[in-house]
1. Would you point out the residue of region 130-174, among those that are farther than 25 Å from residue 376 by Cα and either within 16 Å of ligand 2 (Cβ to nearest atom) or not assigned by TED's automatic domain parsing to the domain that holds residue 333 (or both), that is surrounded by the fewest Cβ atoms within 10 Å (Cβ to Cβ)?
2. May I ask you to list the residues in region 149-172 that are more than 16 Å from ligand 1 (Cβ to nearest atom) and either in a helix (DSSP H, G or I) or out of contact with any helix residue (DSSP H, G or I) (no Cβ under 8 Å at 6 or more places or on another chain) (or both)?
3. Would you say residue 323 is assigned to a loop (DSSP other than H, G, I, E, B) and more than 12 Å from ligand 2 (Cβ to nearest atom)?
4. For residue 337, are the conditions met, namely being touching a helix residue (DSSP H, G or I) at 6+ places or on another chain (Cβ under 9 Å), within 16 Å of ligand 1 (Cβ to nearest atom) and under 14 Å from residue 260 (Cα atoms)?
5. Does residue 330 fit the bill of being within 21 Å of residue 257 (Cα to Cα) and not in a helix (DSSP H, G or I)?
6. Can you spot a residue in region 113-121 that is modelled with pLDDT of 95 or more and closer than 18 Å to residue 155 by Cβ?
7. Report, by residue number, each residue of region 110-129 that is in contact with a helix residue (DSSP H, G or I) (Cβ under 9 Å, 6 or more places away or on another chain), within 13 Å of ligand 1 (Cβ to nearest atom) and closer than 25 Å to residue 185 by Cβ.
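The values are calculated or read from the model by the stated rules, or taken from the named source; none is laboratory data. Quantities reported herein were computed from a predicted structural model and do not represent experimental measurements. Positions of Cβ are backbone-derived with ideal geometry, glycine not excepted, and every protein chain shown enters the neighbour counts.
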Ligand code: NIG
Ligand code: FE
């Protein structure tokens, strides 16, 4: 038999889960417990799936007659699962560096949005952009994410807010999914803002009667694969009734419910997510205790985005209260023109320092729990036999260096592997 890859003699292999768990929580009062093997090796088969993970001497004797396309000697280094970024907006034209200056001078996110900037600014530029240019910038951004260790990223549409541009974004996403060496979970986010000149009711009707039926047709022919549906549920954006209607319609089409909620104002979005059986709700800076309890019961993951609170100087999401209540906590970069961050190691660092998560909690949140939030934890998020051979080799004697070091990760991350291929 021929195998793709052997990573041998690592000081530590961060398996994360070892019993086929779909997520890790503190449900029974215990700490999040990630599984680590010292002096270990990983074997990836010819299909790019993990064949074996175990003590280096055991792997060496069991696979002594096998030939590998590639062998990485990880002596003195650590192996981690590829990171999963559960929330990104990487398809757009035109940056918003000028708005960064406005926000530093005291403007809030909603001040800029109401003045016609923010998402509206990006929508104008993205509507005018050619698909090939959007694909080129997307591919550069995904490459930066990959170099920072992300091997599966959620990617949202949502800078079109009308049929032609939303479809253009989804087509660009589909092309990226088929051709780029990184996993993509695709999200239709046509309800990212209410387009200028329309009411919430008009925007909701356009999504329900025009955009979603068109999307359904394109999915039925296999032209597009879309995994999730998202809405920005917020005061002055989509209210709770319109959010509910759009998410329910997406769910009826077979999409996973995964949306923006309780960010700037408490809207009971967490409760809505739990009620709809959402896989995840993102942001949650303003979630209530009742919302936390509802998410824990419903196994709706909380996707926390430390860059947003940091850049907008918002209250930090209450990660500790969520973890202590047994919520499945995941992390995302929220890469977008407001929060320009491609790096999950920086996100984990911020989660630990600003949100008081422990390093094992942050790593679980950026691997198995992020995969769960995307409905992918049966194939991604840990180094278990049968899952995708997505992993990182870092040049450090302990895995915690990935979080401890603030930036400069290109030096630290020696190899990024997607489905057994060094990328
Ligand atoms: O998750 N809150 C809404 N959406 C994004 C911001 C998008 C933008 O400002 O372009 C977020 O932070
Ligand atoms: Fe977002």
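1. Looking at the filtered set, the residue picked out is 160.
2. 151, 163, 164, 167, 168, 170, 171, 172
3. Judged against the criteria, residue 323 is not a match.
4. no
5. Spelling it out, residue 330 is indeed within 21 Å of residue 257 (Cα to Cα) and not in a helix (DSSP H, G or I).
6. Taking every residue of region 113-121 in turn, at least one turns out to be modelled with pLDDT of 95 or more and closer than 18 Å to residue 155 by Cβ.
7. Scanning region 110-129 gives 118, 119, 123, 126.
A quick yes/no check of all residues on (1) within 23 Å of residue 140 (Cβ to Cβ); (2) within 16 Å of ligand 2 (Cβ to nearest atom):
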| residue | (1), (2) |
| --- | --- |
| 336 | yes, yes |
| 346 | yes, no |
| 367 | no, no |
| 382 | no, no |
